[in-house]
Each structure stands twice: as C-alpha cells, then as structure tokens.
Amino acid sequence: MAHETATLAGYVANLKFADIPAEVLERAKVLTLDFLGSAIRARSEAESTPSILKMLEALSLDTKGCSTVFGDAKTWTPAVAALLNGALGHSLDFDDTHADSSLHPSAPVVPAAFAVGEMAGASGRDVLTAIVAGYEVCCRLGNALDPTSHYARGFHPTATAGTYGSAAAAAKLFGLGETQIIAAFGVAGSQAAGSLQFLMNGAWNKRYQVGAAAMNGVIAATLARNDFVGSTESVEGKHGLLAGYTDDAHPDKAVAELGKTYETMKIGVKPYPSCRYTHAAIDALIAMRREHNLTPDQVKRVEIGLHRNGITLTGDAATKRHPTSIVGGQFSMFFTGALALDQGSFGWDDYNRLGDTAIDALADKFDVVQDDRLEIGRTHPFGARVSITTDDGVHERLYADPSGEPNSFPDAQAMQQKFLTLARPVLNARADKFADAIMTLERFDRVTTATELGRQ
C-alpha cells in the first residue's frame with residue numbers, strides 16, 4: 001500500500017474543470033440527469049418515502065434550508081437534502097452502475113454535490129467538477145475493495161465506498177486542501193456502513209443507507225472544513241477501509257492511472273428498474289421471446305446462469321421466487337425474468353404485478369444457477385446465460401454484457417426520454433426545462449438557478 005488516502009485527497013484538491021476531458025463532462029451530465037429522474041419519481045411514489053419524511057418531522061429535521069430535494073416543493077438543510085436525494089434516487093433501483101466495483105456512483109455523489117453546491121453558492125462548473133471527483137473516488141475504492149469479497153463480507157459498496165465519494169464531492173465544493181480532505185476521508189471511514197441484510201426480507205435499508213452515505217459525506221467534509229481532526233490513512237491504514245471491509249484488497253486499483261483513466265466513463269445505466277445482475281438475463285429473455293415468438297404456455301423450463309455475486313443478490317430460490325415487496329422484486333431474478341418473458345418488457349409501473357398468479361406460475365419454471373463461464377476472463381460480473389426449454393427444444397443465449405454498459409451506452413435522446421418518462425408525472429412541463437438545465441449545467445454561474453427547476 002502506498003499512501004492511497006493522501007493520493008486520492010491530492011487528486012480531489014487539485015482537480016480543475018479545465019482538466020476534465022469534454023467526453024467525461026458530458027457523461028457526468030447524462031449520468032446526473034439519469035439519477036435525478038429516479039429521485040423525482042421516488043419522491044411521490046416510492047413506498048419508503050413517507051416513513052423517511054415522518055422520521056425527519058418527528059426529529060425536527062424537516063426545517064427549511066437552502067438545498068433542493070428534487071421533486072419536492074420546499075428547500076431543506078444541506079445534510080438532510082443529501083440524505084433525501086440519495087435515498088430517493090436509489091429507491092427505484094433504476095440508477096447507474098459501475099460494473100467493476102458493482103456500485104451505484106451517482107446515488108451518494110450527486111446528492112452531496114448539489115446540497116453543498118447550493119449551500120456554497122457554487123457554479124454549475126464547480127458542481128460538475130465535484131461530481132467527477134466523487135465518481136472517481138468511490139469507483140476506485142470500490143475496485144480496491146473487490147466487490148466479490150466485499151459482498152461476501154456482507155457489505156453494500158454503494159454505501160461504504162460511496163461515503164468517501166460523497167465526502168470528496170463535498171470537500172471539492174468547499175475548496176478544501178489536501179490535509180483537510182484527508183481528515184474528511186478519515187471521518188468518512190468511521191461512517192462507511194451498509195449491510196446486505198436487507199436482502200433477507202426486502203427491507204428498505206438499502207435505500208436509506210445510500211442516502212446516509214450522501215449525508216455522512218457532507219458531514220465529514222463540513223467537519224474537516226471546521227478544523228476537525230480526522231484519522232489519517234483511513235483507506236490503507238491498519239484499521240482502515242481495505243483492512244476491515246474485504247479479504248481481497250487491491251490498493252493499487254484505488255490510484256492506478258488517476259487523472260488519466262476516468263472510471264466515470266465506465267459507468268453504465270439501467271434500462272430496467274431492478275438489480276443490475278438481472279439485466280443481461282432480462283435482455284436475453286426479451287430477445288428470445290421475440291425471436292422464437294414464445295408464449296408462457298410454451299415454456300417448460302428456464303435456467304438462468306449468473307456470476308456468484310448475482311446469485312447472492314438475486315438467485316436464492318427459497319427467498320426470491322415469489323417476492324411480495326418492491327425491494328424483493330427488484331432483487332429477484334425469478335420475478336423480473338418471468339415478467340420480461342411474459343410481456344416482453346419491464347418498467348417501473350410493472351411492479352403492480354407483484355403477486356400476479358400468472359407471473360408466479362411462470363417464475364416456478366425458473367432455476368437460477370452459478371455459471372463458471374461468467375467468472376473467468378470477463379471484464380465485469382454482470383453477464384448471464386439463459387436457457388429456455390420448450391416442446392421444440394432448448395434455446396440458449398449467453399449475454400456477456402447487459403444493455404446500457406459503456407460499449408452500448410444509450411444516445412442522448414434515449415437518456416432524455418428515460419428522464420422525462422420518470423419526471424413528467426411529477427414536474428409536468430417543468431421537466432423539459434429542468435432536463436435542458438442539467439445538460440447545460442456548466443453555463444450556470446449559480447447552480448441554484450438550475451436546481452430550482454427541479455422542485456415541484
């Protein structure tokens with residue numbers, strides 16, 4: 001290990017808007033827009049939102065502030081805005097994914113950047129720079145943790161590495177120097193938490209812990225801004241992140257080609273509102289259904305082969321076959337696969353089919369198994385093998401990549417349409433203006449002029 005904490009802190013402190021390649025900035029804007037669409041819709045529709053709002057009210061944390069909660073009518077204090085936007089943006093499970101680290105970078109980073117950007121009177125350029133800094137930090141730390149090992153230890157990397165990413169974004173907007181950012185990372189290391197136990201009963205922890213990561217990063221950077229002494233070497237130290245959260249650390253991945261190779265360009269987006277490990281199989285099922293003109297009654301058996309991480313998250317038949325909650329459905333290869341095979345499509349509104357007898361009957365024909373072909377020589381773990389048995393024989397496909405990865409990234413029109421489909425029911429005509437503002441964010445001298453268009 002070679003001073004990874006200080007190296008990352010120095011990178012964040014010294015990063016300038018002019019240093020970031022144009023394609024990276026464009027990708028950051030598209031990813032931000034994609035995330036905000038999910039946050040806006042979840043403000044009014046995610047079933048966990050009322051509980052979070054009631055908690056804030058009960059604890060007198062719902063006071064008016066200077067920061068936007070997207071899709072909401074009022075402004076909130078920065079830390080609470082980060083919490084809410086992070087939780088909301090992750091609630092539909094429709095937000096972006098960085099394949100190598102198996103985490104969702106925008107969920108902790110974008111809320112922290114906007115909350116502090118509004119607080120600090122920052123420009124759109126400042127906020128975009130902070131978002132890229134946050135993406136690079138959390139994705140690289142996710143790589144260093146090794147997602148397979150991190151998952152095996154029961155951790156959720158979006159909430160753990162994501163706390164560092166949100167701290168980086170907030171620290172950048174505060175204009176902190178390297179020593180202060182090291183302190184912010186030290187505090188972030190004490191707050192990096194997120195358990196996979198939510199998988200057992202379809203709990204809402206996953207949404208909240210990502211929002212907490214966004215909030216905790218803001219708090220960490222604000223403490224450092226006010227001369228709080230945080231621990232040093234919080235990444236590589238004896239009791240640091242890479243010692244306590246994984247059995248297979250790769251510290252070199254935290255800093256390799258830093259400032260030259262952008263992990264931001266390796267972030268993919270989701271065409272379906274479910275765990276990314278289900279997507280390659282869903283793509284294959286929809287394609288095979290169309291190609292072979294399949295109907296559910298023709299299907300005798302379906303076998304889905306996944307990487308072991310996908311089995312951990314979505315493939316346990318005892319708990320995943322017939323989910324009863326949206327979270328359960330989001331992490332069920334059985335439900336999402338049966339839905340895709342039944343109707344040839346899958347969107348957020350299709351969760352109204354939870355408990356549908358036709359979907360449950362089709363899910364009974366599914367088996368999900370670990371496929372070693374998806375373990376070796378692959379650039380990421382999100383592929384799937386699909387085998388469908390009918391009276392006519394066995395049809396099989398291997399999809400190494402789900403759609404929406406960098407090599408199949410949707411064009412700007414498709415990304416804007418996804419955003420508008422989610423945002424228009426909440427923002428109405430303002431949705432188009434807000435989308436345009438985010439896609440031209442660098443033109444705003446004060447980011448608040450853009451974000452206020454995202455309020456209800």
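The values are calculated or read from the model by the stated rules, or taken from the named source; none is laboratory data. Quick caveat: nothing in here was measured; it's all calculated off a predicted structure. Don't worry about glycine lacking a Cβ; one is built from the backbone with ideal geometry, like all the others, and counts go over all protein chains shown. The accessibility values were calculated without ligands, DNA or RNA, using every heavy atom of the protein model including side chains. Shrake-Rupley method; radii C 1.70, N 1.55, O 1.52, S 1.80 Å.
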Compute the acute angle (0 to 90°) between the alpha-carbon long axis of helix 157-174 and the principal axis of greatest extent of the alpha-carbon atoms of the chain; round to the nearest 10°. 30 degrees
Where does each of D62, D96 land when they are ordered by accessible area, with a 1.4 Å probe and the largest first? D62, D96
What value, in deg cm²/dmol to 500, does the helix sum -39500 (n - 2.57) over DSSP H runs of n ≥ 4 give at 222 nm once divided by the residues of the chain? -16500 deg cm²/dmol
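Per residue, what accessible area does the range 112-209 have, given a 1.4 Å probe and all protein chains present, in Å²?
I get 24 Å² per residue for the range 112-209.
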Among all the lysines, which ones have a C-alpha under 25 Å from K433's C-alpha, if same-chain residues fewer than 8 places away are not counted? K29, K64, K74, K270, K418
For labels at D392 and A2 in the simple 7 Å Cα→Cβ model, what's the distance in nm? 5.7 nm
In nm, what is the difference between 0.36 nm times the number of residues separating A243 and I376 and their Cα-Cα distance? 45.3 nm
In whole Å, largest first, what are the principal axis extents of the Cα atoms in the chain? 70, 51, 43
What longest region of the chain stays clear of trypsin sites (Lys or Arg not before Pro) that DSSP places outside H, G, I, E and B and that have at most 11 other Cβ atoms within 10 Å? 17-237
Based on the Cβ-Cβ distance from T179 to A22, what FRET efficiency comes out when R0 is 35 Å, to the nearest 0.05? 0.65
Once you keep just the Cα pairs under 8 angstrom separated by 6 or more residues, what percentage relative contact order results for the chain? 21 percent
Lys, Arg +1 and Asp, Glu -1 on Cβ, resulting dipole of the chain about Cα centre, debye, nearest 20: 820 debye
I'd like the distance between the alpha-carbon centres of the range 226-301 and the range 51-85, rounded to an integer number of Å. 29 Å
Taking the Cβ-Cβ separation of K433 and K260 as r and a Förster radius of 51 Å, what is the calculated FRET efficiency to the nearest 0.05? 0.90
Out of the range 1-45, which chymotrypsin sites (Phe, Trp or Tyr not before Pro) are coil in DSSP terms and have no more than 13 other C-beta atoms within 10 Å? none
Karplus ³J(HN,Hα) for the range 50-57 (6.51 cos²θ - 1.76 cosθ + 1.60, θ = phi - 60°; Hz, whole; x = Gly/Pro) runs x, 5, 5, 5, 5, 4, 4, 5
Note on the range 126-219: contact order normalised by length, alpha-carbon pairs under 8 Å, 6 or more apart, percent, works out to 35 percent
To the nearest 20 Debye, how big is the dipole of the range 22-67 about its Cα centre, given +1 on the beta carbon of each Lys and Arg and -1 on that of each Asp and Glu? 100 debye
For L15 the rounded accessible area (nearest 10 Å², probe 1.4 Å, non-protein molecules ignored) is 10 Å²
